[in-house]
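To start, the structure under review is shown below, and the notes come after it.
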């Protein structure tokens, strides 16, 4: 039976911002859209609207912002797969892609030097790392443990290679009058000809190629296991990848078998088990190099570049390019026909890892731009929610503060007030229309075992969302006066984000669950006091397909209002007067 619709379907813009590490274009966009579809299908209300699908569309389609540059494709989540315009609420998932802007610009030496200057030698009093002792010990213990594993793997590779080399010298060495040193061989590989005959060197080359192929096949297999959820949707790609992995492993095994069975001298004995030491050495080198690249260069390199405040550094120019890219995506998505009442009804920002720090700066820049361009105020009011997951905001704030040349209480207070004027942990703000909203609802999801992230703790403010910053001194003074009058002791400055801790544990092969949020049902679905991201995104949908032939109340009010009230009783009480006193 056809179900009627009422009025214009809600158009929801969802800007997703990826984090550290080299990222392929559209990966996080597709992942977010695919899991949003799953969450809608499983939801008690939205699952009854029909089959939710994610279709790729572009800027020429009706109802899509026309100002995004460059022209990317987007993932539209809607009921059915009919061409636009949809007849029901839909979600346009738009990626802000900044990964290529800073990759390959740092080295291990550069990152290690920067870490020594920031993590271990903070020579000022402004750098404070806000995190419970247990979480801090876990995070740094895991990082230091990872570095120790890298050193152990590389040392093991050296031992295995030396063992194989010494065994070959005993079997096939022809040192006359004396063997060259290991350093001489490293600096001048042709010196191997003084130790081994060309026949032996050929056998060694076969063993080295076989060891390399096996090591790469094992690495590729682990990568395929880690991308299992993505490959499930592409059966042909999955089978082709495993086919190539199998071919590489088989070729490597055949070469190693040949090197083990062939005599290592034209008239001598076979190499036997010696080539296997090269396999072990190759595996250890690949493992150590992969960990070092992931833990040091790829992750901390991005953080090093983005937290650079020295305007004379090339890194600062990269930082500005990254921030400009993300800012433009957000502003363009919100600005499409904002003054004509068209475009997206509401826009939500989903930011992962370092992307949450970039998104925070972009939203602040957006807010500051409205002071010089009042026509942007209508666009900014469309941003109703800011969802951070696996966020590094607390860690990057520490790195920013380390570079602050002098402590300044006034600067710290101004920064805190800036957050308070823009963000709120009060989920009831989502129930208000855009024009009546006083702040952007900030939800932060995190896992304890994710060493990259933290609960938001240092982003605190007494200022009410929407209040001009010029009112901050008066608001702070009123809080202090109230505390003195009540004689209640220390003043508690409220956190401007609603923190929610998940329970995800270690995952293979990444170990830490840093990339698991979008595929975790806990992230999307509400359960008891937990606020799911689905209900945040769908909070504004006033027009939905009716059930039992009747037009329902707004989905947010009907499905989730009671749950949110129960979940945030303490927040509602604390924010009744927009400040709290202990």
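The values are calculated or read from the model by the stated rules, or taken from the named source; none is laboratory data. Just so it is clear, the structure is predicted and the values come from calculations on it, not from any experiment. Neighbour counts run over all protein chains shown; Cβ positions are idealised from the backbone, glycine included.
A few notes on this one:
- Restricting attention to region 2-19, the residues that are modelled with pLDDT under 90 and touching a strand residue (DSSP E or B) at 6+ places or on another chain (Cβ under 9 Å) add up to 4.
- Matching residues, region 18-61, being assigned to a loop (DSSP other than H, G, I, E, B) and more than 24 Å from the chain's Cα centre (by Cα): 43, 44, 45, 50, 51, 58, 59, 60, 61
- Criterion applied to 316, 299 was being part of a helix (DSSP H, G or I), under 27 Å from residue 116 (Cβ atoms) and more than 20 Å from the chain's Cα centre (by Cα), and the one residue passing it is 316.
- Region 357-372: number of residues that are under 18 Å from residue 438 (Cβ atoms) and either in contact (Cβ under 8 Å) with a residue 12 or more places away in the chain or not in a helix (DSSP H, G or I) (or both): 4
- Residues of region 373-404 that turn out to be part of a helix (DSSP H, G or I), over 20 Å from residue 128 (Cβ atoms) and at pLDDT 85 or above, as a count: 5
- Check on residue 470, exposed (fewer than 14 other Cβ atoms within 10 Å of the Cβ) and either assigned to a helix (DSSP H, G or I) or at pLDDT 70 or above (or both): yes
- In region 405-452, of all residues being touching a strand residue (DSSP E or B) at 6+ places or on another chain (Cβ under 8 Å) and part of a helix (DSSP H, G or I), the one that is modelled with the lowest pLDDT corresponds to 416.
- Residue match in region 453-467 (condition: at pLDDT 85 or above, touching a strand residue (DSSP E or B) at 6+ places or on another chain (Cβ under 6 Å), part of a loop (DSSP other than H, G, I, E, B) and buried (at least 21 other Cβ atoms within 10 Å of the Cβ)): yes
- Considering residues of region 512-546 that are at pLDDT below 80 and crowded, with 16+ Cβ neighbours inside 10 Å only, the residue nearest to residue 458 (Cα to Cα): 539
- Among the residues of region 131-146, those identified as surrounded by 14 or more Cβ atoms within 10 Å (Cβ to Cβ) and more than 16 Å from residue 501 (Cα to Cα) are 140, 142, 143, 146.
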